[in-house]
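Here, each number is a calculation from the coordinates, and none is a lab measurement. Predicted model only: the values in this text are computed from it and were never measured. Positions of Cβ are generated from backbone atoms using ideal geometry, with glycine treated the same way; all protein chains shown enter the neighbour counts.
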Ligand code: RAM
C-alpha cells in the first residue's frame, strides 16, 4: 500500500493517531525496511508561501515534474494568500500525518521555526525553499540565487535606469520573509557603496498582493513627487506597481524594475511602463526542491555536502547549507517573448 494512503486511512481512526505521530526514527508499520541506503518510497509535503500566487503555481509545476521522475508521493498544501499562522497549522497537520520530508517556503522566518523544529524532533526531515527559516529548523535551504548577487543586480539595474541619481522606493512582500529581507540588505549595501547620488525614500510591504502593491505605489507617487524609480521585489508587486504608474500617467518618467514573472509583465514591458524584470526559472526551483527533499529523505544528501546532483539540473553548488539554483536573468521588452511562464 502506498505510504500516503496508509497514513490517510489511519487518520480515520483517532485512537491510532498516536501511532502515526510517533518518532520517525522508529519506522511505522508498512514504511519499508528503513535500512540505511535502501531506497524507500517517500511522502514529501510541499508548501508554497501562498497557493494563489502565480509564482508558486509555476514552482509547483516543476515540483510535480520531479515527483513523477522520482516516484515519490506528494502532499501539496499552503495558505490561499500569505498567512503565516496557516502555514504553522499545515506543518502541525503534516506532523500528525507523519510525512517523511517537508519542503516549505516560509512566510515568517522565526514564526515557523518552532513548528519545523518540532517536526525534526519527530524524525521528519525538513528543507526550505525560496524563503528560509532559521538554520536550526531545517537541514538545507534551496535558494533561487545568492542574496548578494540578487541584491546587487537589482541595485545596479535601478541605478542604470536612473542615470545613477535620484530617489527610489522599494515595494517588498512582507517584513518577515527572509528572502526579501536578505535581498534588501544587499540592495542597501550596494546603494551605500556605489551610488551616493541615489536615495532610498521608502520601503513598503504589499503582502505579496498585486492590488495592495498598486495602492502602495499610488501612495508613494503622491508622497514623493521626485520619485524616479520603483523597485518591486516580490512577483505580484511588479504588475501592481506598473498599473499604478500607468494610471498616474508616469510611464517612462518613473522607471520600474523588479522580480517577477514574464507572463505577468509582458504587456507592461511592451508598453514601456516596466523597464526590466529579473527572475530565475521558477519551475526549476520547484524541481530542485523535490530533488533535494528526496535526497535528504533517502539519506543520500547529508550535512557537509559541497555539491548536489540534481537530476536534469546536473551538479549544483552548496554554500554552507544553501543549495543554489543558479544565476538569475534579466528580461525586457526585447527578450520577454522567449519565456513561457
Ligand atoms: C513572490 C514571493 C517569492 C519571491 C518572488 C520573487 O512571488 O514573495 O517569495 O521569491 O516573489
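See the values below:
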quantity	calculated
The range 247-341: relative contact order as a whole-number percent, Cα under 8 Å and 6+ apart	32
C-alpha long axis of helix 178-194 to longest principal axis of the chain, angle in °	40
DSSP bridge orientation in the chain - percent antiparallel, rounded to nearest 5	15
Beta bridges by DSSP in the range 147-279, antiparallel share as percent, to the nearest 5	0
Theoretical ellipticity at 222 nm over the chain - DSSP helices of four or more residues, -39500 (n - 2.57) apiece, nearest 500	-12500 deg cm²/dmol
Reciprocal mean inverse distance between Cα atoms of the range 214-341 - Kirkwood radius, Å	16.5
Cα Rg, Dmax, the range 73-204, angstrom units	17.8, 55
Calculated FRET value between residue 41 and residue 89, using beta carbons and R₀ = 25 Å, to 0.05	0.40
Rounded to 10°, Cα long-axis angle of helix 84-97 versus longest principal axis of the chain	20
Cβ-based exposure ranking for 106, 162, in which fewest neighbours within 10 Å come first	162, 106
Three-way shape call for the range 147-251 based on the alpha-carbon gyration tensor, with the a/c threshold at 1.5	oblate
Inter-probe distance in nm under a simple model that places probes 7 Å from Cα toward Cβ, at residue 165 and residue 300	5.8
Alpha carbon convex hull of the chain, projected area averaged over orientations, nm²	17.1
Residues 49, 86 arranged by fewest to most Cβ contacts within 10 Å	86, 49
Residues 174, 217, 96, sorted so that the one with the fewest Cβ neighbours within 10 Å comes first	96, 174, 217
Relative contact order of the chain, pairs being alpha-carbon contacts under 8 Å that are 6 or more residues apart, as %	18
Contact order relative to length of the range 147-279, as percent, for alpha carbon pairs under 8 angstrom and 6 or more apart	26
Length released on extending from residue 270 to residue 335, taking residue separation times 0.36 nm less the Cα-Cα span	22.4 nm
C-alpha long axis of helix 262-271 to longest principal axis of the chain, angle in °	10
Inter-label distance for residue 189 and residue 96, nm, one decimal - labels placed 7 Å from Cα along Cα-to-Cβ	4.3
